[in-house]
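The values are calculated or read from the model by the stated rules, or taken from the named source; none is laboratory data. Given the structure is predicted, the values throughout are model-derived calculations rather than measurements. Neighbour counts run over all protein chains shown; Cβ positions are idealised from the backbone, glycine included.
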Amino acid sequence: MADKSGAELISEARKRIKEISVADVLAMQARGDNAVYLDVREQNEWNLGHIPKATFLPRGVIETTVEQRVPRDAKVIIYCASGNRSVLAAETMHHMGYHDVASMAGGIRKWVESGGDVEG
C-alpha cells in the first residue's frame with residue numbers, strides 16, 4: 001500500500017461521504033429540521049464560538065465516544081474549522097453504522113461568513 005498524504009486521505013474521503021453546504025444547513029435550521037450539529041474541533045476552537053445547540057466532540061475521540069452521545073439513527077451534520085476534519089469524522093461515523101451523516105463544506109469559517117449564528 002502506497003503512503004498517502006493527509007490531503008490525499010481527505011480528498012478520497014470527500015468522494016465517499018456526503019457534504020452539505022452552509023446554505024443548505026441554514027435552510028434546514030429555518031425549517032426546523034431535527035439534526036445533531038456535531039463540532040469536531042478542539043476545545044480552544046469550541047471556546048471561540050460554535051453553532052448554537054451544537055454537540056462538542058473532538059475528532060480524536062469520535063470512535064470511543066460518539067455512540068454514547070449521538071444515536072445511530074440521528075441526522076448528523078458535522079463541522080470543523082474549514083471542512084477537512086469533518087470529512088474524516090463523517091467517514092468514520094459512516095463506517096460505525098451512522099448513515100444519515102454529512103460534513104458541512106467550508107466549516108464554521110464559511111458558516112460565519114454566511115451569517116450563521118454563533119454562541120459561546
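Considering only residues that are touching a residue at least 40 places away in the same chain (Cβ under 8 Å) and in contact with an Asp or Glu (Cβ under 9 Å, 6 or more places away or on another chain), which ones fall in the range 27-44?
Residues satisfying the conditions are ALA35, ASP39.
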Subset of the range 93-111 (residues that are surrounded by fewer than 19 Cβ atoms within 10 Å (Cβ to Cβ) and free of Cβ contacts under 8 Å to residues at least 40 places away in the same chain) = HIS95, MET96, GLY97, HIS99, ASP100, ARG109
Is the range 67-75 home to any residue that is under 25 Å from ALA7 (Cα atoms) and modelled with pLDDT of 95 or more?
-> no
Of the residues in the range 50-88, those that are touching a residue at least 60 places away in the same chain (Cβ under 8 Å) and either under 20 Å from LYS15 (Cα atoms) or surrounded by 14 or more Cβ atoms within 10 Å (Cβ to Cβ) (or both) come to HIS50, ILE51, GLY83, ASN84, VAL87, LEU88
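Among the residues that make up the range 15-38, is at least one of them touching a Leu at 6+ places or on another chain (Cβ under 7 Å) and either of a type outside the set (A, V, I, L, M, F, W, C) or modelled with pLDDT of 95 or more (or both)? Full working, then the answer.
First, pick out the residues of the range 15-38 that are touching a Leu at 6+ places or on another chain (Cβ under 7 Å): 38.
With the extra rule that they be either of a type outside the set (A, V, I, L, M, F, W, C) or modelled with pLDDT of 95 or more (or both), the set shrinks to 38.
Taking every residue of the range 15-38 in turn, at least one turns out to be touching a Leu at 6+ places or on another chain (Cβ under 7 Å) and either of a type outside the set (A, V, I, L, M, F, W, C) or modelled with pLDDT of 95 or more (or both).
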Residue hits (the range 12-22; in contact (Cβ under 8 Å) with a residue 12 or more places away in the chain and more than 13 Å from ILE77 (Cβ to Cβ)) are ALA13, ARG14, ARG16
Only one of these is touching a strand residue (DSSP E or B) at 6+ places or on another chain (Cβ under 8 Å) and on the phi > 0 side of the Ramachandran plot: GLY83, GLY97, GLY32. Name it.
-> GLY83
